[in-house]
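Heads up: the structure comes next, in structure tokens.
Each reported figure results from applying straightforward, stated rules to the coordinates on display, with no laboratory input. None of these values were measured; they are calculated from a predicted model. Positions of Cβ are backbone-derived with ideal geometry, glycine not excepted, and every protein chain shown enters the neighbour counts.
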Amino acid sequence: MTIRKVEIAIISDVHLGTFGSRASELILYLESIHPKTLIINGDLIDIWQFRKRYFPKSHLAVLQKIFSLAATGIPIYFLPGNHDDLIRKFGDFSLGNIHIQNELTLKIGDKKVWFHHGDKYDKTVKNQKFAAFGGRVYEHCILLEKGINRLFKLFKIKPIQVAKNIKSFSKQMSKKSIDFEKMALDEAIENKYDIMICGHVHKPQNRVFTNEKGSILYLNSGDWVENLSALEYNNGVWDLMTFDETLVGEDFKLVKKNSLDNS
């Protein structure tokens with residue numbers, strides 16, 4: 001496997017400990033890169049849906065890979081999300097090269113970049129009991145979808161994406177009640193950031209947002225449940241990468257969805 005050098009790699013919404021987490025694919029991705037910096041932008045472990053009897057080897061392997069990268073001297077920033085928000089109660093702290101903090105600001109080139117999970121602007125996550133129930137329903141949809149797609153594969157029928165459509169619909173409904181992405185972007189422009197990078201919505205983004213006070217580049221790393229996506233920064237360029245699910249094993253490939261020059 002060819003290992004690519006990456007200045008900054010960003011992943012989010014892995015949801016380890018749930019049936020939907022695509023940990024095996026994430027391991028292949030992490031083993032294919034040598035980042036100078038790795039940023040995990042929230043929801044690495046899904047504490048809301050955590051089950052004592054479900055944490056397979058592939059999920060543990062993701063954590064082992066992260067720790068092994070840190071052990072080689074690579075700085076890793078972990079910004080907890082709403083599904084692992086219990087970690088936020090400890091405040092900002094470091095474990096060797098692993099730095100846990102709620103938000104992160106970096107100067108990248110000549111750009112001021114703001115990293116955060118994004119959930120603090122989403123009022124729909126305030127009711128955790130309801131959100132946890134919704135998460136369980138979503139997980140059962142994932143299991144049903146996997147079973148159906150295994151059957152469809154035998155008959156060479158195109159796989160369905162019920163769970164992804166349900167997630168997309170629920171996010172659209174929440175955005176109708178309050179556009180939390182816009183709130184965050186408005187604040188980012190107010191605070192003179194050039195780039196805002198989030199997770200949370202499980203929707204990869206690479207676009208410019210403009211309001212009456214200015215413009216900002218909005219990037220979202222997507223997730224490792226449905227989209228299998230990551231953000232990469234190299235030589236002044238941001239790339240949104242997605243995992244090609246049509247290939248398996250070590251013959252996988254990443255596809256650049258779009259790129260935007262940061263110089």
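For the range 197-236, the residues whose backbone nitrogen is under 13 Å from a point 7 Å from the Cα of residue 103, taken along Cα to Cβ, are 197-198.
Going from the fewest other Cβ atoms within 10 Å to the most, the residues 256, 120 appear in the order 256, 120. Each residue, residue 36 and residue 24, gets one label point 7 Å from its Cα in the Cβ direction; the gap between the two is 3.5 nm. If R0 is 30 Å, the Cβ-Cβ spacing of residue 191 and residue 123 corresponds to a FRET efficiency of close to 0.90.
Checking the cross-link pairs 123/182; 203/256; 5/57; 65/123 against a 23 Å limit on the alpha carbon distance flags 5/57; 65/123 as lying beyond it. Indicate the gyration tensor shape class of the range 1-99 (rounded, prolate or oblate), computed on the Cα atoms with a ≥ b ≥ c the square roots of the eigenvalues: a/c under 1.5 is rounded; otherwise a/b larger than b/c is prolate and the rest oblate. Because a/c hits 1.5 or more and a/b fails to exceed b/c, the range 1-99 counts as oblate.
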